[in-house]
1. Check which residues have an amide H placed less than 5 Å from Leu355's amide H, if you skip close sequence neighbours.
2. What length, rounded to one decimal in nm, is gained on full extension from Lys427 through to Thr31, with 0.36 nm per residue of separation minus their alpha-carbon distance?
3. State, as an integer percentage, the relative contact order of the chain based on alpha-carbon contacts under 8 Å between residues 6 or more apart.
4. In debye, nearest 20, what is the charge dipole magnitude of the stretch 463-512 about its Cα centre with +1 on Lys and Arg Cβ and -1 on Asp and Glu Cβ, if you could check?
5. Can you give the extra length, in nm with one decimal, that the chain gains between Lys230 and Asp485 once fully stretched, where that is 0.36 nm per residue apart less the Cα-Cα distance?
6. Please work out how much accessible surface Lys328 shows to a 1.4 Å probe, ignoring ligands, DNA and RNA, in Å² rounded to 10.
7. In the structure displayed, which of Lys506/Lys696; Lys471/Lys564; Lys329/Lys427; Lys367/Lys564; Lys60/Lys219 lie more than 20 Å apart, Cα to Cα?
8. Using amide H atoms built 1.01 Å from N in the peptide plane, name the residues 5+ places from Glu412, or on other chains, whose amide H lies under 5 Å from its own.
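The values are calculated or read from the model by the stated rules, or taken from the named source; none is laboratory data. Predicted, not measured: the structure shown is a model, and the values here were computed from it. Please note: Cβ atoms are built from the backbone with ideal geometry, for glycine as well, and neighbour counts cover all protein chains shown. Just so you know, the surface numbers come from the protein's heavy atoms only, side chains and all, with ligands and any DNA or RNA stripped out. Shrake-Rupley method; radii C 1.70, N 1.55, O 1.52, S 1.80 Å.
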Amino acid sequence: MTETNFRAELDDDGLLSVVWDMPGRSMNVLTADAIQELSGIVDRVIAEEAIRGVVISSGKKAFSGGADLTMLEGIARLYERERAQSGETAAAQAVFDESRKLSQLYRRIETSGKPWAIAIRGVCLGGAFELALACHYRVAANDGSTRVGLPEVKVGLFPGAGGTQRVARLLPPQDALQMLMKGEQIRPDKARAMRLVDEVAPEAEIVDRAKAWLKTAPKAVKPWDEKGFKLPGGPVWSKGGFMTFPPANAIYRRETQGNYPNIFAMLQAVFEGLQLPMDLALTVESRLFAKVLRSPEAAAMIRTLFVSMQELNKGARRPAGVAKSALKKVGVVGAGFMGAGVGYVTAQAGIEVVLVDRDQAAADKGKEFARALISGQVAKGRATGAERDALLGRITATDDYGALGDCDLVIEAVFEDPKVKAEVIAKVEAALKPEAIFASNTSTLPISGLAKHSSRPERFVGIHFFSPVEKMMLVEVIEGEKTGDEALAVALDYVAAIRKTPIVVKDSRGFFANRCVIAYMLEGHLMLTEGVPAAMIENVAKQAGMPVGPLSLNDEVALDLGLKILNATKAQLGEQAVNPAQETLLRRLVETEGRLGRKNGKGFYDYPEGGKKSLWPGLAEVVEAKLDPDAIDVAELRDRFLVAQALDAARTVEEGVISDMREADVGAILGFGFAPFTGGPLSWIDGMGAKAFVAKAQALEAKHGARFAPNSLLFDLADTGETFYGRFAGPAKAAA
Ligand code: NAD
């Protein structure tokens, strides 16, 4: 058999060198083709006596990111097809058979009778690391880019090609469960200490070291296939096992609120698998994997958090026909909280940064922020001193607008004050070269309004970051009325360069993410005024799948900012645009009690210095209403949180603020943590069907008022039985 994805060469020592190097791809992926070819190689290794051992490595910069998730999506779809044709049992069997092929292939490697060594450089994740775990010896490069790990849990799956079984036989069970549950990428030294790899070596030597090990004529049998094998933490039914598994179950509940069946199935696979010999254990793992693969959570998470996100990262919304821009120098005006962060992430991407503020001291302060962040990375061993110096060398802090002259893009992050912004726009444009793009990081001022102060509104765009900039992966690119394709393309090229995920949003109040998250916080505020205990509000929000309760979240953003936005809304749209109960609550907290949130140590919570935050007991006096907690319908509270946000997401589609469904779902999860297991608000609605969602919203409307009224697009979808993704597939046009 001739392979196209692998090169196999037998040397004089009888060692078969297998180099994985898929044509036309920058990264190796486990596709159906690649799996078939690897299977052929395994046959050859078993059959040819001359082959004494195998070393597998990659011809690319990295080893591999793992399995092709679209292939896994295809297997999940097979179920529906088979069920229609041949019934439930045959369909389940077909998914089981298909989804365990990789697991069986890896087991054949492990039991081939010949030793397999693997040389890893760059990332080796998911199904690729499961291949490594099946090999008998693992050498990893000790360079900055090498990482191993099993991140499957992050897309609603779990490592189903032997990963759960091999990790749990290599590591003590607590460490194994933690590694599997977190899905983190692990550095070579740590992986060596955990016994996930056997040797760490300079990048240039990894293949030779693997060969050297093979030349020692090692035994090609894994410890767990030998008689008398003992699990690292002792048997499941032992004191050690009792210390691990019942708490693991509780941790699962605490961390997931029971929303992630994949993680539960993974725990089950480990618990049951460790009580069985390897082959049976792998069968148990496969059964659970097949079940998880068919779950709606896995389908939703794979689509949004892998497929859609990758498409957006690759420029799905970039206007075709505009040449790709290579940004060499970017200006950031306003070196405060946001500007300093923008400067840091830009310099980190290798781009020169001119950081401008009103005076030199303010500009220097912004650069100091970058110094503190990168120094922290150096201290943690995540960056070198040379990388720190190079990064800081790329940032020029100045009060001279003239220094912006050769910037390709300038992002302003000055005070949220239209007058200050207008002045800054004029000053920057006076210094800019004609082809440069101007971007504003405003969170509340309309881009089209700000662009009125520009002499070249077609080169004016919004680039809206979330705080903290260095951590948040979402960036909203806001199209003003006159924003041209080139400005949009440059903004998207910039977001790609700093390795964040962009969504393109039409100019409107709150853009997309803030608009939905404001609806979430409003619900928390109103529940409080109705007499729902604060602790219950926070806990139920987490049960619904939100990462942070609405009251905590509001404390982080600042209560006075919430009040400011409320005041501005009232001034622009009138009294009826704000909720009076919310207004009374915020006024009391901010104006009477001086509670501004975490920033002054008191908001809905108290923040004692050096201590743990706790809900402010005074809330009981601020709110007179009290409900009996046992009489509260918790399911209804959960619905309120998600429905309120999903309704706003649906409205943004109808209004044309969002024109691509992928952007709403990806933006909601990355921007404000909308229950990730749903795949995002539109996937959530599609999953239950617009009809069921409309019924849910109407029930809430009857009880809680017009904010839960479904919009006409939802009624329409409910009538026709369509879904958001069905009607607006791909880069869709606005509903209108
Ligand atoms: P900030 O007050 O921390 O920083 C503003 C900076 O702008 C200050 O350093 C100030 O000295 C500087 N500045 C003011 N006038 C200037 C001028 N004429 N020339 C040069 N510099 C000037 O504010 P921030 O929180 O960083 O917000 C900045 C912008 O980012 C605002 O438009 C805000 O709406 C937006 N934003 C903020 C957040 C957030 O979470 N804070 C999130 C997204 C967007």
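1. Val332, Thr396, Ala397, Thr398
2. Result for the pair: 137.2 nm of gain on full extension.
3. Numbers: 1354 pairs, mean separation 63.8, N = 736.
Computed value for the chain: 9 percent relative contact order.
4. Details: 6 positive and 8 negative charges, 53 e Å.
The dipole of the stretch 463-512 has a size of about 260 debye.
5. 85.5 nm
6. Near enough 150 Å² of accessible area.
7. Working: Lys506/Lys696 28 Å; Lys471/Lys564 26 Å; Lys329/Lys427 18 Å; Lys367/Lys564 29 Å; Lys60/Lys219 30 Å.
Where the Cα-Cα span goes over 20 Å, the pairs concerned are Lys506/Lys696; Lys471/Lys564; Lys367/Lys564; Lys60/Lys219.
8. For Glu412, whose amide H was placed from the backbone, the distant partners under 5 Å are Val333, Ala439, Ser440, Asn441.
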